[in-house]
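See below for the structure under consideration.
The values are calculated or read from the model by the stated rules, or taken from the named source; none is laboratory data. Since the structure is predicted, the reported quantities are computational estimates derived from the model, not experimental observations. Neighbour counts run over all protein chains shown; Cβ positions are idealised from the backbone, glycine included. In case anyone asks, the SASA skips ligands and DNA or RNA and just uses the protein heavy atoms, side chains included. Shrake-Rupley method; radii C 1.70, N 1.55, O 1.52, S 1.80 Å.
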Amino acid sequence: MRIDSVGMRTDLALLELQGATITDHGDHLVVRTESNPTFWWGNFLLLESARPGDVDHWIDRFEAELPEAGHRTFGILDVDADRSGWHERGFDVGVDITLTGEPATIVETDTGPVAPGTELRQIHTGDEWEQATRTA
């Protein structure tokens, strides 16, 4: 299945690094994290699109693919898809937004590759560590 969303491709790559398996069925993916069947976004079906009348089909497909999951989770790539059928079946439906940018030019320094304008400083004191780890 073709996935144009950089955010979704990144999410799937990270899931694979965490041990998930991803099976491509052409019009949908099955994402399975066998070590954690209760992980909602580690055990889900990713659909290209879904019409309101298709909800029961996808629920049946989920149950066949992931019978050990105690939940039902679906992702839909088509941002313009009519999600009314999912609401009618009691699903919470949300839309995620991913911010992306152009790849940065990376330069090589004696400490490794960094993007231009990046400042690298060594941390020497406890005060500097505290500043570096403080959240805004």
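Taking the accessible area of the chain, probe 1.4 Å, and keeping the other protein chains in place, the carbon and sulfur fraction comes to 50%. Net charge in the neighbourhood of GLU63 (other residues with Cβ under 13 Å of its Cβ; Lys, Arg +1, Asp, Glu -1) is -2. Taking a Cβ cut-off of under 12 Å around THR33, the surrounding Lys, Arg, Asp and Glu residues balance to a net charge of -2, with basic ones at +1 and acidic ones at -1. Taking each pair of distinct Cα atoms in the chain once, what is the resulting Kirkwood hydrodynamic radius in Å? Its Kirkwood hydrodynamic radius stands at 18.1 Å. Evaluating 6.51 cos²θ - 1.76 cosθ + 1.60 at θ = phi - 60° for every residue in the range 70-80, the Karplus couplings come out as x, 9, 9, 10, 9, x, 10, 6, 6, 5, 9 Hz, glycine and proline recorded as x.
Calculate, for the chain, the solvent-accessible area per residue in square angstrom, rolling a 1.4 angstrom probe over the heavy atoms of the protein chains. Here the residues of the chain average 71 Å² of exposed surface.
Between the amide H of ILE76 and those of LEU47, distances stay under 5 Å, these residues lying 5 or more places away or on another chain, with hydrogens modeled in the peptide plane. Taking all protein chains as they are arranged and a probe of 1.4 Å, the heavy atoms of HIS87 leave approximately 110 Å² accessible to solvent. Once C-alpha pairs closer than 8 Å and six or more residues apart are averaged by separation and normalised to the residue number of the chain, the relative contact order reads 17 percent.
Estimated purely from DSSP H runs of n ≥ 4, each contributing -39500 (n - 2.57), the mean residue ellipticity at 222 nm for the chain is -7500 deg cm²/dmol once divided by its residues.
Full extension of the segment from THR23 to ILE123, taken as 0.36 nm per residue of separation minus the current Cα-Cα distance, would add 31.6 nm. Relative to the Cα centre, the charge distribution of the chain, modelled as +1 at Lys and Arg Cβ and -1 at Asp and Glu Cβ, gives a dipole magnitude of about 140 debye.
Using R0 = 41 Å, the C-beta based FRET efficiency linking SER84 and GLU130 works out to 0.20. Extension gain, ASP96-ARG2: 0.36 nm per intervening residue step, less the Cα-Cα distance, totals 32.0 nm.
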